[in-house]
Amino acid sequence: MTMEPVRISLTVNGNRAHAEVEPRRTLADFLREELRLTGTHLGCEHGVCGACTVLVDGDAVRSCLMFAVQADGADVTTVEALGTPDRLASLQKAFVEAGGLQCGFCTPGILMTALAMGHDPDRATDSEIRDAIAANLCRCTGYSSVVRAIRTALGQDSGV
Amino acid sequence: MSEPLIGRSIPRSEDRRLLTGNGRFVADIRLPDMLHMAVVRSALPHALVRAVDTAPARALSGVVDAFSATDIPEYLRPLPSQRPIADDGLRQLLLGSDRVRYVGEPLAVTVAETRHRAEDAVAAIFPDLEPLPVIADAASAQDASAGGLFEDQSNVVLEVVKDVGDWTGIDDADVIVEDTLRVQRHTSAPLETRGLVARPDGDGGLTIWGIAKMPHSLRGGIASFLGLPAEKVRVQPVDVGGGFGVRGEFYPEEILVPLAALRTRHPVSWIEDRREHLLGTNHSREITWMVRAGAHRDGRLSFLEATAEIDVGAYLRPLVPVIAEQASTNLMGPYRIPRYRCRAVCVLSNKMGIGTVRGPGRFEATFARERIFDLLADRIGMDPAEFRDWNLLEASDYPYRTGVQAFGRDITYDSGNPRAALRAAVEAVDTSEIERLDAEARARGKRLGYGIAPFIESTGAGLFEMARVAVEPPGTVVVRTGTTSMGQGHETTLAQIAADAVGVSFDDVKVMEGDPDGVPTGVGTFGSRTTVMAGNAVWLAGRQLRERLYTLDPGGQPLATILQEARKRGVSLDVSQEFRSEDPTYAYGTHVAVVEVDPELGTARLVRYVVVADVGRVVNPAIVTGQIQGGAAQGIGGALLEELAYSEDGQLLTSSFMDYLLPTAMDIPDIEVVLLNLAPSPRNPLGIKGAGEVGTVAAGAAVANAVADAMKPNGGAMLSLPLKPDRVVSTSSGGHSASP
């Protein structure tokens, strides 16, 4: 296998990115190292914990299991696209209100998974949400507050 | 002045940066000319080290340094320890030197321009190891024929005995139950693995990122080990992705990373991967209990005695005595027990060493006690809740002198009403609700089980904590402590306390933790102590500051103005105050688990989970609730899913998240938290007890009691955790003969 760098061009958070990367460079490492977008975190690097979840062409993807070269031509969204500390997106505000994070390490991955759910209120039942985030491990919250946050964000606040 | 902040669920100040990807975790640190470190780890569990030749690594392009024990003879000493360890000979050295004793033990270090290259360098090093017989577990370690992990040294390295009561006359017990129970090896597995970045500074000193839990003592220990004055080792606080006890001990890497930085004269970054984490970050919980308990026919307890065999792994790590003390005293629980004795025995084996993990020794002890109490109640023919009700302490028993000591201090429970907590728990899931859930379960071909587990635990460990509260430009109250947040929301909780103490608004306060140069002294974050110890120190310091502000300006001017006035008059607005407490506080409560079990598959699903807890005065209810919910999730994981399994030949079988199973959103129900607030602690001005571990401590017990209830009358006794499906359906009567 060659380690010769490969040219890639992709869109990340609405901005064009051009780079030369080794074929073995994962998308996660590319985002974190080359693009300095360190909001995407690495919890296991074997595709189980979901902390590295980003959107690639609208789908939630484990960026630790994908090579950067596979994202050539793709439209990638990371947590940095959602909001800033001074201007939180409504999804992020819902997490603040619900107490949906503690250490924050798994949080960007969960936000991306929630984002990929779209704005479909039919999916806003607890069981649908739990199913959707079943592949995002969190060691701090016990998940209840995360589910509540996503339920609010999806527009259905039954309070149950 | 406005309404007090203490007691209100103020939204967390940490959230904004963490939600937007602006957290600063150690793996996010980028410094110019930074190099990357990787670790060569033993592939054998027990071996003599003949040679570790690092030359092939250094020959690779891009590799700047590689060293093993023989390259650093001046540093080949036992790792520093926060607690005095009786026997130096049982401690781990910085790098494996004559012998390695667990798979994963560090043998050498490589430093290269990229992490890829550093790992290539690791692959180029072939340690020459001569295998020794493997001592696979505590049982075989005590065989007469077993060799010692250390020359001329027994594998039984510590024994702790607690004994109270008059043991004559125990024959008057009508019913006696005796059994062996096992808690499996598992750990806290935070989502962020360990990591460190060290940068050599121009003055021969260093700056380090990634220090957590106990900044002052870690900084001091690192400085001392490397022969540097403490003030030349600076600690930069970082965001930390969970801890739950396993961080902040002196692992080899705490010294190796700074050493690599000094040797290469470059900043060096080391980030643990998940396999390394499961191999080499503290394990815990592996205790085998032999328990015997007796009661009278009317339900009154007569005696409780046990031996706890603790598998401590290959070295006597610094927190092993804490686990032994906690296990042997916490078995007593919140009960009136006329006769109690417990002997905790710590045994070596060729596995990773252990440390404190959320509710250390107490998760295990609560499981053993509450499972035995269910068996005892069953033998008497009494309802489990009624049996507890007979024997639990109540308010009139307090302060309750247990008659045992931990680390030489009498254990006296400060305040509480465990009986009331039990009653609240029983009310939370009442009979009609259980009947309804039972009918639903049956309709699905499942069996419903209901389990309870009262608990008590020491929280807010002493001895002291210091807070520094100061007014600084542009008019902010800055709070500094030597504690560290790993997700618990200290920035918010301590700000609430400071704002109330000083008499300012929440937004006027900024909390900065974790810098050992920011406050003269400190202890750290563990044992549910930060809000108790640092919180009270902040309160005391803040009150003093309030008085000074008042003498300068009784009129309520803005802080910026008062600051100028203070400068003019030479009045200091920088107060450091210690809070001291010799004795811990005691949080308590009862867990309730309702499970649905598939009788053929043995799979258990939690239908309801309730934690009733009294943690004294609550500063931020939302934060405390979140901590308890997260703690319960960890405890449920320990009850049903998690296990660090070793093979007979000492290899770790569960070295990834594919095998070490963490609970997901599908495994954990909504954890219902009922905060009782019946009994503030008299041991500190704010009346706070710690809350961080309360969700975990009784979860193993509650879930096991529930599953056992579901599988009656012909199911297994649920005496071994985790309750894997094959164990649940096993019809054997004893836990020790269930499948491995």
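Among the residues making up segment B:563-603, a single one is closer than 24 Å to B:T431 by Cβ and open to solvent by 30 Å² or more (accessible area, probe 1.4 Å): B:P599. If the condition is being assigned to a loop (DSSP other than H, G, I, E, B), more than 8 Å from chain B (Cβ to nearest Cβ) and in contact (Cβ under 8 Å) with a residue 24 or more places away in the chain, then segment A:29-59 contributes A:G50, A:C52, A:G58.
Figure legend. Inter-residue proximity from segment B:178-206: first residues within 14 Å of chain A (Cβ to nearest Cβ), second residues of a type in the set (V, I, T) and assigned to a strand (DSSP E or B), beta-carbon distance below 9 Å, spacing 6+ or different chains. Indicated pairs: B:T187/B:I354; B:T193/B:I271; B:R194/B:I271; B:G195/B:I271; B:V197/B:T207; B:V197/B:I208; B:V197/B:V268; B:V197/B:I271.
Residue under question is A:Q70, and the condition is that it be more than 9 Å from chain B (Cβ to nearest Cβ) and polar (S, T, N, Q); does it hold? Judged against the criteria, A:Q70 is a match. Remark: A:C64 matches the filter, which requires a residue to be within 12 Å of chain B (Cβ to nearest Cβ), more than 26 Å from B:I623 (Cβ to Cβ) and within 16 Å of the chain's Cα centre (by Cα). If I filter segment A:77-112 down to residues being open to solvent by 10 Å² or more (accessible area, probe 1.4 Å) and assigned to a helix (DSSP H, G or I), which single residue comes out as farthest from the other protein chains (Cβ to nearest Cβ)? Per the criteria, the residue is A:S90. Using the structure shown, decide if B:L540 is modelled with pLDDT of 95 or more, closer than 28 Å to B:D583 by Cβ and surrounded by fewer than 24 Cβ atoms within 10 Å (Cβ to Cβ). Yes: the conditions hold for B:L540. Taken together, the residues in segment B:622-644 that are within 14 Å of chain A (Cβ to nearest Cβ), open to solvent by 20 Å² or more (accessible area, probe 1.4 Å) and either small (G, A, S) or touching a His at 6+ places or on another chain (Cβ under 8 Å) (or both) amount to 1. Within segment B:404-439, the only residue that satisfies the criterion of being of a type in the set (A, V, I, L, M, F, W, C), closer than 19 Å to B:E457 by Cβ and surrounded by fewer than 13 Cβ atoms within 10 Å (Cβ to Cβ) is B:F407. Within segment A:128-160, restricting attention to residues that are assigned to a helix (DSSP H, G or I), within 9 Å of chain B (Cβ to nearest Cβ) and farther than 25 Å from B:S485 by Cα, the residue that is nearest to the chain's Cα centre (by Cα) is A:A132.
Out of B:D53, B:D88, B:D128, one residue alone is in contact with a Ser or Thr (Cβ under 9 Å, 6 or more places away or on another chain), of a type outside the set (A, V, I, L, M, F, W, C) and over 21 Å from B:E272 (Cβ atoms). It is B:D53.
Selection over segment B:1-44 of residues that are of a type outside the set (D, E, K, R), more than 7 Å from chain A (Cβ to nearest Cβ) and open to solvent by 60 Å² or more (accessible area, probe 1.4 Å) gives a count of 6. Any residue at all in segment B:283-298 that's modelled with pLDDT of 95 or more, assigned to a loop (DSSP other than H, G, I, E, B) and under 20 Å from B:R182 (Cβ atoms)? Yes - at least one qualifying residue is present in segment B:283-298. Just checking, which of B:A38, B:A43, B:A57 is more than 25 Å from the chain's Cα centre (by Cα) and assigned to a loop (DSSP other than H, G, I, E, B)? When all the criteria are applied, what remains is B:A43. For segment B:76-89, state whether one or more residues are part of a helix (DSSP H, G or I) and at pLDDT below 95. Yes - at least one qualifying residue is present in segment B:76-89. Applying the selection to segment B:440-488, what residues are buried (at least 24 other Cβ atoms within 10 Å of the Cβ), polar (S, T, N, Q) and in contact with a strand residue (DSSP E or B) (Cβ under 9 Å, 6 or more places away or on another chain)? Residues satisfying the conditions are B:S458, B:T459, B:T481, B:T483, B:T484, B:S485. A single member of B:S396, B:S415 is modelled with pLDDT of 95 or more and part of a loop (DSSP other than H, G, I, E, B), and it is B:S415. When B:I287 is tested against (1) away from chain A (no Cβ under 14 Å); (2) surrounded by 24 or more Cβ atoms within 10 Å (Cβ to Cβ); (3) on the phi > 0 side of the Ramachandran plot, exactly one condition is not met: (3). For beta carbons closer than 9 Å, sequence separation of 6+ or different chains, a first residue in segment B:670-683 that is assigned to a strand (DSSP E or B) and a second that is among the aromatic types (F, W, Y) and modelled with pLDDT of 95 or more, the qualifying pairs are B:I671/A:Y143; B:I671/B:Y609; B:E672/B:Y609. Could you list, in sequence order, all residues of segment B:568-592 that are among the aliphatic types (A, V, I, L, M) and modelled with pLDDT of 95 or more? Result: B:L573, B:V575, B:A587, B:V592.
Is it fair to say B:T525 is of a type outside the set (A, V, I, L, M, F, W, C) and either closer than 26 Å to B:I562 by Cβ or assigned to a helix (DSSP H, G or I) (or both)?
no
Output the residues belonging to segment B:469-490 that are within 14 Å of chain A (Cβ to nearest Cβ) and of a type in the set (A, V, I, L, M, F, W, C). Within segment B:469-490, just B:M486 meets the criteria.
For B:S647, indicate whether it is farther than 28 Å from A:G50 by Cβ and open to solvent by 10 Å² or more (accessible area, probe 1.4 Å). Taking the combined requirement at face value, the residue satisfies it.
Filtered by the rule that a residue be aromatic (F, W, Y) and open to solvent by 20 Å² or more (accessible area, probe 1.4 Å), segment B:192-244 gives a lone residue, B:F244.
Looking for something on the phi > 0 side of the Ramachandran plot and within 14 Å of chain A (Cβ to nearest Cβ) - is there at least one such residue anywhere in segment B:62-71? Within segment B:62-71, one or more residues are on the phi > 0 side of the Ramachandran plot and within 14 Å of chain A (Cβ to nearest Cβ).
Sort out which residues of segment B:110-149 are closer than 17 Å to B:V49 by Cβ, open to solvent by 20 Å² or more (accessible area, probe 1.4 Å) and modelled with pLDDT of 95 or more, and write them in order of number. Answer for segment B:110-149, where residues must be closer than 17 Å to B:V49 by Cβ, open to solvent by 20 Å² or more (accessible area, probe 1.4 Å) and modelled with pLDDT of 95 or more: B:V122, B:F126, B:P127, B:D128, B:L129, B:E130, B:P131, B:L132, B:P133, B:V134. Checking the structure you have, find out if any residue of segment B:543-551 is outside any helix (DSSP H, G or I), open to solvent by 30 Å² or more (accessible area, probe 1.4 Å), closer than 14 Å to B:Q577 by Cα and of a type outside the set (D, E, K, R). For segment B:543-551, residues outside any helix (DSSP H, G or I), open to solvent by 30 Å² or more (accessible area, probe 1.4 Å), closer than 14 Å to B:Q577 by Cα and of a type outside the set (D, E, K, R): absent.
Here B:I125 meets each of (1) over 27 Å from B:V246 (Cα atoms); (2) in contact with a Lys or Arg (Cβ under 9 Å, 6 or more places away or on another chain); (3) part of a loop (DSSP other than H, G, I, E, B); (4) not acidic (D, E) with one exception, condition (2).
The set of residues in segment B:645-668 being farther than 28 Å from B:G690 by Cβ, within 9 Å of chain A (Cβ to nearest Cβ) and in contact (Cβ under 8 Å) with a residue 24 or more places away in the chain consists of B:S656, B:F657.
The values are calculated or read from the model by the stated rules, or taken from the named source; none is laboratory data. Not measured: the values here are computed from a predicted model. Note: ideal-geometry Cβ built from the backbone for every residue, glycine included; neighbour counts use all protein chains shown. Ligands, DNA and RNA are excluded from the accessible area calculation, which covers all protein heavy atoms including side chains. Shrake-Rupley method; radii C 1.70, N 1.55, O 1.52, S 1.80 Å.
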